[in-house]
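The values are calculated or read from the model by the stated rules, or taken from the named source; none is laboratory data. Remember, predicted model here, so these are calculated numbers, not experimental data. Positions of Cβ are backbone-derived with ideal geometry, glycine not excepted, and every protein chain shown enters the neighbour counts.
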Ligand SMILES: NC(=O)c1ccc[n+]([C@@H]2O[C@H](COP(=O)([O-])OP(=O)(O)OC[C@H]3O[C@@H](n4cnc5c(N)ncnc54)[C@H](OP(=O)(O)O)[C@@H]3O)[C@@H](O)[C@H]2O)c1
């Protein structure tokens, strides 16, 4: 038997998540079993637990989309390439969720060996946020050096990576936060400009920084008035990627503005984007992530660590307003 975090109904994470003894899973055809070392608490895990994510599991279920672990058993039908992961430390990409447990079973293709010099705390969060940043900025929007990129929730772990990628790749970041206290901290991190949604309409503040035309590139995980404000800040031919739902509120699109300005607003989900990439692109992406984590650009700021038994405290901590760093579930030793 093993310990796993389980929920039987959707609801507030601190209330519905419990720790249970459940049978250790066996890997099926093409799968591997991973002994989990650690797994972060991401906003998407909490959305699933609340029943508010795009794809929901059958209940009872265990959350946890990413993490780090050691492959301890392989299922039948794997070719020699698939078998080389046995005994290796891997990034555990679990598209169905299930990493908040002592063992997880995933497709062998989703167990990605990662360079030994990077610590478990970094490897645990090496996929969801870093891959999303590179996919949105370099592959989908292709933000060129010298251009402005407007982003909201800029103080998030992902937002901080975007700021540091801006410094690295040479594009300028215009960052929206909800708390004024975050402004100086993000400037110190390398943000070119930081505004607060509490200081008046976002489009007016944006135009005071970049000029009347507005910005060409924007990314928003907040929705509601903030997402709408980002849309209204776009220049002709501007592009807005909507990649999260932190307020749970819809973005209001002015269709006249959109039609006349040839503006594009589109959803971005890493799961869909990864499914369209071929093997060489995906291998290259992981090499880029490892080297940019080493360079500090896509490194995750470590937050407090909790055991599985303290799951209620851990999920509460993950949503404390203004908390920095990624909360990590430390599951087994390595
Ligand atoms: N689409 C995809 O494929 C994809 C992939 C990865 C991540 N994401 C999304 O990216 C976002 C950031 O993820 P993360 O791991 O970096 O999160 P995180 O570190 O937990 O940070 C969350 C941030 O959101 C801000 N925030 C929370 N609720 C808010 C609200 N109602 N209005 C405005 N700001 C709010 C917080 O601001 P304070 O600092 O003021 O507390 C904090 O800075 C999440 O929405 C996540 O779902 C999407």
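Just checking, does the range 58-68 include any residue being surrounded by fewer than 15 Cβ atoms within 10 Å (Cβ to Cβ) and closer than 20 Å to residue 315 by Cα? Scanning the range 58-68, I find at least one residue that is surrounded by fewer than 15 Cβ atoms within 10 Å (Cβ to Cβ) and closer than 20 Å to residue 315 by Cα, so the answer is yes. Taking every residue in the range 264-283 that is touching a residue at least 60 places away in the same chain (Cβ under 8 Å) and on the phi < 0 side of the Ramachandran plot and pairing it with any residue that is surrounded by 10 or more Cβ atoms within 10 Å (Cβ to Cβ) and in a strand (DSSP E or B), at least 6 positions away or on another chain, the pairs with Cβ-Cβ distances below 6 Å are 268/241. Taking the criterion of being in contact with a helix residue (DSSP H, G or I) (Cβ under 6 Å, 6 or more places away or on another chain) and in a helix (DSSP H, G or I), the residues of the range 290-315 that qualify are 293, 312, 315.
Pick out, from the range 66-119, the strands (runs of 3 or more DSSP E) lying fully within it that include 3 or more residues that are at pLDDT 95 or above and under 20 Å from residue 19 (Cβ atoms). Spell out how you get there, then give the answer.
Working: elements: 68-74, 89-92, 103-107, 111-113.
Hits in the range 66-119: 103-107.
Please pick out the residue among 141, 186, 150 that is farther than 17 Å from residue 239 by Cα and under 20 Å from the mean Cα position of the chain (by Cα). Exactly one residue qualifies, and that residue is 186. Would the range 256-272 turn up any residue that is touching a helix residue (DSSP H, G or I) at 6+ places or on another chain (Cβ under 7 Å) and surrounded by fewer than 14 Cβ atoms within 10 Å (Cβ to Cβ)? Among the residues of the range 256-272, not one is touching a helix residue (DSSP H, G or I) at 6+ places or on another chain (Cβ under 7 Å) and surrounded by fewer than 14 Cβ atoms within 10 Å (Cβ to Cβ), which makes the answer no. Only one of the listed residues (310, 314, 275, 295) is crowded, with 19+ Cβ neighbours inside 10 Å and more than 30 Å from residue 211 (Cα to Cα). That residue is 314.
Looking at residue 308, is it touching a residue at least 12 places away in the same chain (Cβ under 8 Å), more than 25 Å from residue 240 (Cα to Cα) and not assigned by TED's automatic domain parsing to the domain that holds residue 242? Yes; evaluated as a whole, the condition is true for this residue. Among (1) surrounded by fewer than 18 Cβ atoms within 10 Å (Cβ to Cβ); (2) outside any helix (DSSP H, G or I); (3) modelled with pLDDT of 95 or more; (4) under 19 Å from the mean Cα position of the chain (by Cα), which single condition is residue 287 missing? Residue 287 satisfies all of (1) surrounded by fewer than 18 Cβ atoms within 10 Å (Cβ to Cβ); (2) outside any helix (DSSP H, G or I); (3) modelled with pLDDT of 95 or more; (4) under 19 Å from the mean Cα position of the chain (by Cα) except (2).
Taken over the range 230-250, the criterion of being within 15 Å of the ligand (Cβ to nearest atom) and at positive phi is satisfied by 248 alone. The single condition among (1) at pLDDT below 95; (2) in a loop (DSSP other than H, G, I, E, B); (3) touching a strand residue (DSSP E or B) at 6+ places or on another chain (Cβ under 9 Å) that residue 53 does not satisfy is (3). The selection criterion, being over 21 Å from residue 298 (Cβ atoms), in contact (Cβ under 8 Å) with a residue 40 or more places away in the chain and within 16 Å of the ligand (Cβ to nearest atom), does not hold for residue 223. Considering only the range 196-205, I want to know if a residue exists there that is under 19 Å from residue 133 (Cα atoms) and in contact with a helix residue (DSSP H, G or I) (Cβ under 8 Å, 6 or more places away or on another chain). Scanning the range 196-205 turns up no residue that is under 19 Å from residue 133 (Cα atoms) and in contact with a helix residue (DSSP H, G or I) (Cβ under 8 Å, 6 or more places away or on another chain).
For (1) modelled with pLDDT under 95; (2) in contact with a strand residue (DSSP E or B) (Cβ under 9 Å, 6 or more places away or on another chain); (3) more than 8 Å from the ligand (Cβ to nearest atom); (4) closer than 28 Å to residue 74 by Cβ, each residue gets a yes or a no:
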| position | (1), (2), (3), (4) |
| --- | --- |
| 121 | no, yes, yes, yes |
| 124 | no, yes, yes, yes |
| 129 | no, yes, no, no |
| 138 | no, no, yes, no |
| 153 | no, yes, no, no |
| 156 | no, no, no, no |
| 159 | no, yes, no, no |
| 163 | no, yes, yes, no |
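Every residue, every condition in (1) without any contact (Cβ under 8 Å) to a residue 60 or more places away in the chain; (2) closer than 20 Å to residue 245 by Cα, yes or no:
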residue: 152; (1), (2): no, yes
residue: 158; (1), (2): no, yes
residue: 162; (1), (2): yes, yes
residue: 165; (1), (2): no, no
residue: 176; (1), (2): yes, yes
residue: 179; (1), (2): no, yes
residue: 184; (1), (2): yes, no
residue: 189; (1), (2): yes, no
residue: 202; (1), (2): yes, yes
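Name the residue, out of 264, 294, that is touching a strand residue (DSSP E or B) at 6+ places or on another chain (Cβ under 6 Å), modelled with pLDDT of 95 or more and not assigned by TED's automatic domain parsing to the domain that holds residue 44. Only one candidate qualifies: 264.
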